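These notes are about the structure you will find just below.
The values are calculated or read from the model by the stated rules, or taken from the named source; none is laboratory data. Treat the numbers as computed from the prediction; the structure is a model and nothing was measured. Cβ atoms come from the backbone with ideal geometry, glycine included; neighbour counts cover every protein chain shown.
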Amino acid sequence: MNNSFFRQIENKTGVNMEEIFALANAIQHADFTNEKQVRKIVRRVSQLANKPITKELEDQIVSSILNNGKSLDLSSIQRMLE
């Protein structure tokens with residue numbers, strides 16, 4: 001992909017593409033049975049989406065991910081934040 005495409009996304013979303021790639025990499029290599037890693041990813045998605053979450057909602061999302069025991073993609077976490 002070319003840089004102008006990424007610049008357009010950055011301008012539209014206000015999110016740096018390097019941060020998106022770093023998050024995608026973290027999700028791809030995460031151990032979704034590790035609560036600490038899952039919490040870190042959930043907090044990062046919340047921060048990037050500019051959607052603050054309560055401790056209770058974070059607990060619910062983390063519990064849901066840990067109970068599924070399988071990998072999760074970024075769109076799944078974003079749907080949980082809506």
Conditions (1) closer than 19 Å to residue 61 by Cβ; (2) modelled with pLDDT of 85 or more; (3) of a type in the set (A, V, I, L, M, F, W, C): number failed by residue 24: (2)
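Within segment 48-58, is there a residue that is surrounded by 15 or more Cβ atoms within 10 Å (Cβ to Cβ), under 30 Å from residue 3 (Cβ atoms) and of a type in the set (Lys, Arg)? Full working, then the answer.
Applying the first criterion (surrounded by 15 or more Cβ atoms within 10 Å (Cβ to Cβ)) to segment 48-58 yields 48-49, 53, 57-58.
Narrowing further to those that are under 30 Å from residue 3 (Cβ atoms): 48-49.
Adding the requirement that they be of a type in the set (Lys, Arg) leaves none.
Within segment 48-58, not a single residue is surrounded by 15 or more Cβ atoms within 10 Å (Cβ to Cβ), under 30 Å from residue 3 (Cβ atoms) and of a type in the set (Lys, Arg).
Answer with yes or no whether residue 7 is within 19 Å of residue 62 (Cβ to Cβ) and either of a type in the set (D, E, K, R) or exposed (fewer than 10 other Cβ atoms within 10 Å of the Cβ) (or both). Walk me through how you get there before you give the answer.
On the way: within 19 Å of residue 62 (Cβ to Cβ): no; either of a type in the set (D, E, K, R) or exposed (fewer than 10 other Cβ atoms within 10 Å of the Cβ) (or both): yes.
The answer is no for residue 7.
Name the residues in segment 13-51 that are outside any helix (DSSP H, G or I) and within 19 Å of residue 68 (Cβ to Cβ), would you?
As a first pass, look at segment 13-51 and keep what is outside any helix (DSSP H, G or I): 14-16, 29-34, 49-51.
Those that are outside any helix (DSSP H, G or I) and within 19 Å of residue 68 (Cβ to Cβ): 29, 30, 31, 32, 33, 34.
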